[in-house]
1. Of the residues that make up region 94-104, is at least one touching a helix residue (DSSP H, G or I) at 6+ places or on another chain (Cβ under 9 Å), under 19 Å from residue 39 (Cβ atoms) and buried (at least 21 other Cβ atoms within 10 Å of the Cβ)?
2. Give the residue, chosen from 82, 103, 88, 78, that is closer than 17 Å to residue 134 by Cβ and touching a strand residue (DSSP E or B) at 6+ places or on another chain (Cβ under 7 Å).
3. With respect to residue 217, is the statement that it is out of contact with any strand residue (DSSP E or B) (no Cβ under 9 Å at 6 or more places or on another chain) and surrounded by fewer than 12 Cβ atoms within 10 Å (Cβ to Cβ) true?
4. Please specify each residue of region 29-49 satisfying the condition of being in a strand (DSSP E or B) and out of contact with any helix residue (DSSP H, G or I) (no Cβ under 9 Å at 6 or more places or on another chain).
5. Kindly establish whether residue 112 is assigned to a helix (DSSP H, G or I) and either under 22 Å from residue 200 (Cα atoms) or modelled with pLDDT under 95 (or both).
6. Considering only region 115-149, state which residues are over 19 Å from residue 84 (Cα atoms) and not in a loop (DSSP other than H, G, I, E, B).
């Protein structure tokens with residue numbers, strides 16, 4: 001999944017052994033937050049868009065359907081039957097037109113941007129496109145909604161990390177060009193001026209099968225070679241005394257003892 005490898009647990013050569021471990025009950029299950037969407041109208045794809053985007057790639061996915069049991073037109077928008085593990089990206093469709101986007105957090109206007117894109121990401125997706133656009137690395141063990149503007153024409157170009165119960169909504173402003181909506185890297189619809197989409201925590205969570213407890217910061221360090229600076233002295237890979245954990249630290253996520261298997 002992806003090219004950097006934050007979610008990868010095994011290599012292709014290890015698949016058979018991993019399946020045997022799962023069958024034997026030696027694996028653990030880790031849960032990750034995902035996003036889902038509501039929109040002012042069902043998303044659609046303009047005519048001819050599929051042929052344009054198929055060049056060099058596989059078939060384009062269809063626009064998300066309305067979630068079963070959801071009314072088709074309500075003031076709160078239509079619920080879309082889709083989830084995002086990494087991110088939802090709102091980006092300009094034409095090279096000569098910026099995307100004019102208003103960002104609402106928990107129902108309140110935060111900022112209006114003229115930008116190339118706005119990324120709304122999960123903590124898992126914080127190491128994907130959001131990271132490349134200058135966003136922070138967010139621990140996948142927490143729940144949050146992260147949005148990052150891409151090349152905004154505004155002094156405030158920082159990422160905002162919203163609470164997990166705060167929806168982040170994007171409205172296309174009247175003089176904006178059309179805006180493409182991509183979900184986990186796949187174009188799923190195009191917005192016109194006046195349209196809006198809100199991203200918020202999905203009820204369902206992704207369940208990842210792990211062969212061992214996640215060592216996210218270990219992977220972060222190794223993927224970006226963070227401990228290899230020539231200007232810094234070598235440092236031990238982790239710190240944990242051999243004595244018993246004090247009571248006031250017992251609730252924290254700690255590395256395993258050095259003599260653990």
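The values are calculated or read from the model by the stated rules, or taken from the named source; none is laboratory data. Note that this is a predicted model, so its numbers are computed, not measured. Please note: Cβ atoms are built from the backbone with ideal geometry, for glycine as well, and neighbour counts cover all protein chains shown.
1. The first filter runs over region 94-104 and keeps only residues touching a helix residue (DSSP H, G or I) at 6+ places or on another chain (Cβ under 9 Å), leaving none.
No: region 94-104 contains no residue that is touching a helix residue (DSSP H, G or I) at 6+ places or on another chain (Cβ under 9 Å), under 19 Å from residue 39 (Cβ atoms) and buried (at least 21 other Cβ atoms within 10 Å of the Cβ).
2. Just one listed residue meets the conditions, 103.
3. no
4. 29, 30, 31, 36, 37, 38, 39
5. Criteria not met by residue 112.
6. Passing the criteria: only 115.
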